[in-house]
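What follows is a single structure, written as structure tokens, with notes after it.
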Amino acid sequence: KRKLNMHIADIHQINFHYAIYRLPKEVNNFTITPYVNAIEEKKYNIIIMMTVMEHLPDPLDTVINITKGLKKQGLFIFDYILSDGKNQDTIEAIDQRVDVLNYIKENFVVLEGDLLEDQSMGHTVCRLK
């Protein structure tokens, strides 16, 4: 009912294609190529990354590049599971966790949730400084 301009972005994989199929035609989509910043700078009011960070091979660069897409005082909504780095999770997500959270602390104000280095973080909302 609201006139929202929504986009969904992901790497080329089956869950992304299913999401496109299930979402209304009004939701735009684009494929992200790994290691390439496919987010246009200062375009979005809100960027959401849920159940993503623990799977990334380079979470710090990804968060830096993706949050460049936020407009002034835009919101970054995310979670960050602390895993063992096995199966679909990565050791890099564990190794870079403190750096990712430090980047967020330096560039955002936490509105909801906590930036936890030693345990999984649930739904966290931050505003760009």
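The values are calculated or read from the model by the stated rules, or taken from the named source; none is laboratory data. Note that the structure is a prediction, hence the values are computed from the model and not measured. Cβ: placed from backbone, ideal geometry, glycine included. Neighbour counts: every protein chain shown. SASA here: full protein model, heavy atoms, side chains in, ligands and nucleic acids out. Shrake-Rupley method; radii C 1.70, N 1.55, O 1.52, S 1.80 Å.
Condition check ((1) among the acidic types (D, E); (2) open to solvent by 40 Å² or more (accessible area, probe 1.4 Å); (3) part of a strand (DSSP E or B)) across all residues:
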residue: K72; (1), (2), (3): no, yes, yes
residue: L75; (1), (2), (3): no, no, yes
residue: D79; (1), (2), (3): yes, no, yes
residue: H123; (1), (2), (3): no, yes, yes
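In segment 3-21, is there at least one residue being within 21 Å of H123 (Cα to Cα), open to solvent by 50 Å² or more (accessible area, probe 1.4 Å) and touching a residue at least 40 places away in the same chain (Cβ under 8 Å)? No; the residues of segment 3-21 include none that is within 21 Å of H123 (Cα to Cα), open to solvent by 50 Å² or more (accessible area, probe 1.4 Å) and touching a residue at least 40 places away in the same chain (Cβ under 8 Å). Considering the conditions (1) on the phi < 0 side of the Ramachandran plot; (2) within 15 Å of the chain's Cα centre (by Cα); (3) part of a loop (DSSP other than H, G, I, E, B); (4) of a type outside the set (K, R), V63 is excluded by exactly one of them, (3).
Can you go through K3, K105 and tell me which one is basic (K, R) and not in a loop (DSSP other than H, G, I, E, B)?
Details: K3 fails: not in a loop (DSSP other than H, G, I, E, B).
Result: K105 is the single residue among K3, K105 that is basic (K, R) and not in a loop (DSSP other than H, G, I, E, B).
Beta carbons closer than 7 Å, at least 6 apart along the sequence or on distinct chains, pair a first residue in segment 80-95 that is at pLDDT below 95 and of a type outside the set (A, V, I, L, M, F, W, C) with a second that is open to solvent by 30 Å² or more (accessible area, probe 1.4 Å) and not in a loop (DSSP other than H, G, I, E, B) for G85/I91; G85/I94; Q88/H55; D89/H55; T90/H55.
I'd like to check something: does segment 15-24 contain any residue that is under 15 Å from the mean Cα position of the chain (by Cα) and assigned to a loop (DSSP other than H, G, I, E, B)? So far as segment 15-24 goes, no, none of its residues is under 15 Å from the mean Cα position of the chain (by Cα) and assigned to a loop (DSSP other than H, G, I, E, B). Out of F108, F76, one residue alone is aromatic (F, W, Y), in contact with a Leu (Cβ under 9 Å, 6 or more places away or on another chain), within 19 Å of D10 (Cβ to Cβ) and modelled with pLDDT of 95 or more. It is F76.
Restricting the search to segment 40-57, which residues are outside any loop (DSSP other than H, G, I, E, B) and buried (at least 17 other Cβ atoms within 10 Å of the Cβ)? Once the filter is applied, which keeps residues that are outside any loop (DSSP other than H, G, I, E, B) and buried (at least 17 other Cβ atoms within 10 Å of the Cβ), segment 40-57 yields Y44, I47, M49, M53, E54. Among the residues of segment 84-97, those identified as polar (S, T, N, Q) and either outside any loop (DSSP other than H, G, I, E, B) or crowded, with 17+ Cβ neighbours inside 10 Å (or both) are T90, Q96.
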